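Derivation of every value follows stated rules applied to the coordinates shown; laboratory data play no part. These figures come from a predicted structure and were not determined experimentally. In this analysis, Cβ positions are derived from the backbone assuming ideal geometry, glycine residues included, and neighbour counts consider all displayed protein chains.
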Amino acid sequence: MNNNNSEKYKEDFERALNIYENNYSHEDLINFLKNGSIVEKQTAVLKLNEIKTLEEARILMNNLTGCDGKIREAVSFRLKEFTAQKPEFFLEFCDIFLDAIIDINGNICRNTIFALKYLKPFESFREEFCSKLCYLTLELAKKAKNFDIQEGKYKVNKEIFKLYWYLETLSEFVDSAENLKVGRSGLLSRQHNLEEILQEAKQVKDYTIREKVAKILSKTDNFSDLKEELKNDENYYVRRY
């Protein structure tokens, strides 16, 4: 480690330790999260006990995407607690959640999906989120089924990664996806339904995508033909579902 990096690491460590050891007020911690450095934002969100207002929820969610990975991961780690405490503060952030579930960091994807469970009881959020999720998943599945996985190109891997997490999220919203009201959000058409998503995604050569399709199928009583087809898949992890 060169001297510059060493000094920066020391400064960051001391700043984090200062926030942890001192009794900063709730308002101070929110201000750090809004205006602080990377280490201040990361440490402040880990020390917060609650989100008290919608504006504070906006500040938190603005740090879930589009910023340094250390901040994003810290915010996602606490998000499941905050959405459980005050789910009503998080209902306007559908698009941010959709970005976060395909973060390059799988921990952030996983944490965000867990946090979404607390918003499912809210019909307006559930319908908007699920409709947009179905649209995005279908459009990507249509492209991904033609990918040459053997090429191993970064763009291919990145798109497969995104599709994997879209489908993982969809597996938590199976009932909602099956009961979407056509046209409610302006995104969902008669073609953008769960069956078509599964039909397209099962053709993707990467077995992890077919495994997610099988996981979704395990949570519904419908699509018996698809289930029978995947019971005979060449991959064990797909068949086991």
In units of 2.2 N^0.38 Å, the Cα radius of gyration of segment 20-61 is 1.03
Given axes a ≥ b ≥ c from the Cα gyration tensor, I'd like to know whether segment 93-179 is rounded (a/c under 1.5), prolate (a/b larger than b/c) or oblate.
prolate
With θ taken as phi - 60° and the coefficients 6.51, -1.76 and 1.60, list the Karplus ³J(HN,Hα) couplings across segment 29-39 in order, rounded to whole Hz; mark glycine and proline as x.
5, 5, 5, 4, 5, 7, 10, x, 6, 4, 5
Which far-off residues, 5 or more places away or on another chain, put their amide H under 5 Å from the one on residue 171, with H placed in the peptide plane?
none
Would you mind checking the radius of gyration and Dmax of segment 33-142 based on alpha-carbon positions, in Å?
13.6, 43
Highest to lowest packing among 203-214, 86-97, scored as the average C-beta count within 10 Å:
203-214, 86-97
Residues with amide H under 5 Å of residue 122's amide H, sequence separation 5 or more or different chain, H placed in the peptide plane at 1.01 Å from N; which?
none
For segment 94-105, Karplus couplings with θ = phi - 60° (6.51, -1.76, 1.60), whole Hz, Gly/Pro x:
3, 5, 5, 4, 5, 6, 5, 6, 10, 4, 5, 8
